[in-house]
Amino acid sequence: MGLFDRLSTLIKSNINDLISSAENPEKMLNQIIVDMRDQLVKAKQQVAAAIADEKRLRDQADEEAKQATEWMAKAELAVRQNHDELAKAALVRHGEHLTHAQQLELTWQTHQAETEKLKASLRDLNDKIEEAKRKKNLLLARQRRAQAQKRIAETMSSMSEKSAFEAFARMEEKIATNERMIKASTEIDEEFSGDRLQRDFKALEKAHGSASADAQLLALKQKMGMLPAGSAPEPRKLGAGAQAAEDIHAEVEEVQDEKRHG
């Protein structure tokens, strides 16, 4: 199992444990991000170690190639100096270093390819952590919305028996009954108090004002020559309003007589 396969398994395991025991979604999401950051730190350390190994292999391969070049130069020198035995020994050393250099080169190439994969995986992990941080607020908003919907559904369910609405209806009827009782009580108070008498006097004053207006109209017509001067007006029948005023006046006098002889 590769490095990042192990990290992925570990992170998934931690997330599953948190989700199964989560009571606070925000705390859970924050803990997931913290765990991912911890794993990112460890992954960086291991990737850094892999890069260091790759550089060490590169240096070893270069060093072996350098040694092979130097022994070839020594073999050429020995040949020029007619030291065939030294030349052969130098060529053997040259072959050994060249073989080592070629092997290290192949090893380095393989290790470099793996290191590049690790770097890419590390970048992906870092991007996923940044994405998780951006999504955290969105997930929390969705969680709050889901909780609100749940509360609304529970509230509506608790009203299935219409108990709350029936309570409102009863309260409305009680208020209406109180309003009717207050109105009836006011009418009774007015009936047996001075308010009724006051209204009677106002009606009487209104009737008197109407009669005065009739007299003023007749005088104006006489002044304008529309009626013969000195002509007496015909007796005017009492209208409904005047008759009512006469009746009220009689009732008022009767009440006052009763109070004087009471």
Students often check this: by mean Cβ neighbours within 10 Å, which of 74-82, 62-70 ranks highest, and how do the rest follow? 62-70, 74-82
Everything considered on the Cα gyration tensor (a ≥ b ≥ c; rounded for a/c under 1.5, else prolate if a/b is larger than b/c, else oblate), segment 3-158 must be described as prolate
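Values in this text are rule-based calculations from the coordinates and carry no lab data. Predicted, not measured: the structure shown is a model, and the values here were computed from it. Reconstructed Cβ throughout: ideal geometry from the backbone, glycine too, with neighbour counts over all protein chains shown.
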